[in-house]
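**Student:** Here's a structure for you.
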């Protein structure tokens, strides 16, 4: 079926290829990691491109009963920074695929 200069069959094949590329990229992202720190490195977290927390490292020097609130705040800050970096990694990788196409409502690959 043709619509002007566009062939619907070719468009559908291209969309299937894009879906496969997105699925592969998302799988690849689950193997890539980012590390974020807070408190000058006293707390660090590692996250993957699938937005999963992989590990948390806390400097033993800050593990004192009186510092519990500070440690909690540093963990939250590091995790939030990790999410930002993992999201940026994911968006960067997915833009390689979707950057060639207009943002079609309902087909936003970056969400």
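The values are calculated or read from the model by the stated rules, or taken from the named source; none is laboratory data. In this text, all values refer to a predicted model and were calculated from it rather than measured experimentally. Neighbour counts run over all protein chains shown; Cβ positions are idealised from the backbone, glycine included.
**Student:** From the list 60, 65, exactly one residue is more than 22 Å from residue 26 (Cβ to Cβ) and modelled with pLDDT under 90. Which is it?
**Tutor:** 65
**Student:** Can you find, within region 20-40, the residue that is farthest from residue 74 (Cα to Cα) among those that are part of a helix (DSSP H, G or I) and free of Cβ contacts under 8 Å to residues at least 24 places away in the same chain?
**Tutor:** 20
**Student:** Let me ask something else. Which of the residues belonging to region 41-74 are buried (at least 16 other Cβ atoms within 10 Å of the Cβ), more than 19 Å from the chain's Cα centre (by Cα) and outside any strand (DSSP E or B)?
**Tutor:** 42, 71, 74
**Student:** Step by step: first the residues of region 31-40, then only those that are touching a helix residue (DSSP H, G or I) at 6+ places or on another chain (Cβ under 7 Å) and surrounded by fewer than 18 Cβ atoms within 10 Å (Cβ to Cβ), then the one that is nearest to residue 93 (Cα to Cα). Which residue is that?
**Tutor:** 32
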